[in-house]
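Engineer: A single structure is presented below for examination.
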Amino acid sequence: MNTDEHGAERPDRARPTPQSLTGVGLAVLDRTGRVLLGLGHDGKWELPGGKVDAGEDFETAAARELTEKTGLVVPATAVRILAVAVDGLRGLTRITAAAVTEGAVGVPRVTEPDKIVHWEWFAREEVPSALFAPTASVLDCLWPGTTPRGAADVRRYRVAGDVAQITSP
């Protein structure tokens, strides 16, 4: 326990100042291998995803965010974590779990019209170049053999079972 000289817990240790953002980007693949992307009002395309709530695991966050963003449903057990990407873009440490799932149930719909214009399925070779930065990083983890889409200084930690390994930026 983090205590001071009198045995009391130090407030800065009990609730430290947040210094990073933890999220998940979910590559939803249909049976033909196309990926689902949403067009944001800024003209950039993004995967379903968002912030991980306190105490939530990546798989549960991905399944929850998918339903919140698109209306599609997938159980957390059907979500696979590929890697964890860490970047410092815009001066904030951002940790993004790169996740993938197949077989989501339903038809994607815009549930947050203030964020997404519409959802669309894309084959790998047809993915637009204007991508939200974390989406680009997740797609680089999903399709590592293709030309990188994300920033060069993003660190990607591949997940292999219970072991994570770093890949060079």
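Engineer: Send over the semi-axes of the range 110-163's equivalent ellipsoid, whole angstrom and largest first, taken as the square roots of 5 times the C-alpha gyration tensor eigenvalues.
Structural biologist: Its equivalent ellipsoid spans semi-axes of 24, 14, 12 Å.
Engineer: In the range 30-96, carbon and sulfur make up what percent of the accessible area (probe 1.4 Å)?
Structural biologist: Within the range 30-96, the accessible surface is 54 percent carbon and sulfur.
Engineer: Additional query: Between GLN19 and GLU56, what is the spin-label point distance in nm, taking each point 7 Å from the Cα along the Cα→C-beta axis?
Structural biologist: Output for this residue pair reads 2.5 nm.
Engineer: How are the C-alpha pair distances of the range 24-169 spread across 5 Å bins, as whole percents from the shortest bin up?
Structural biologist: The calculated distribution, bin by bin, is 2, 10, 21, 24, 23, 14, 5, 1.
Engineer: Still on this structure: May I ask which residue of THR67, ALA85, GLY55 lies farthest towards the positive end of the charge dipole of the range 33-157, with charges of +1 (Lys, Arg) and -1 (Asp, Glu) on Cβ and the Cα centre as origin?
Structural biologist: Looking along the dipole axis, the top candidate is ALA85.
Engineer: Could I ask something else about it? Over 15 Å apart: what share of the alpha carbon pairs of the range 39-109 falls there, rounded to a whole percent?
Structural biologist: When every Cα pair of the range 39-109 is considered, 58 percent fall beyond 15 Å.
The values are calculated or read from the model by the stated rules, or taken from the named source; none is laboratory data. What you see is a predicted model, and the numbers here were worked out from it, not measured in a lab. Here Cβ is always computed from backbone atoms with ideal geometry, including for glycine, and neighbour counts include all displayed protein chains. SASA here: full protein model, heavy atoms, side chains in, ligands and nucleic acids out. Shrake-Rupley method; radii C 1.70, N 1.55, O 1.52, S 1.80 Å.
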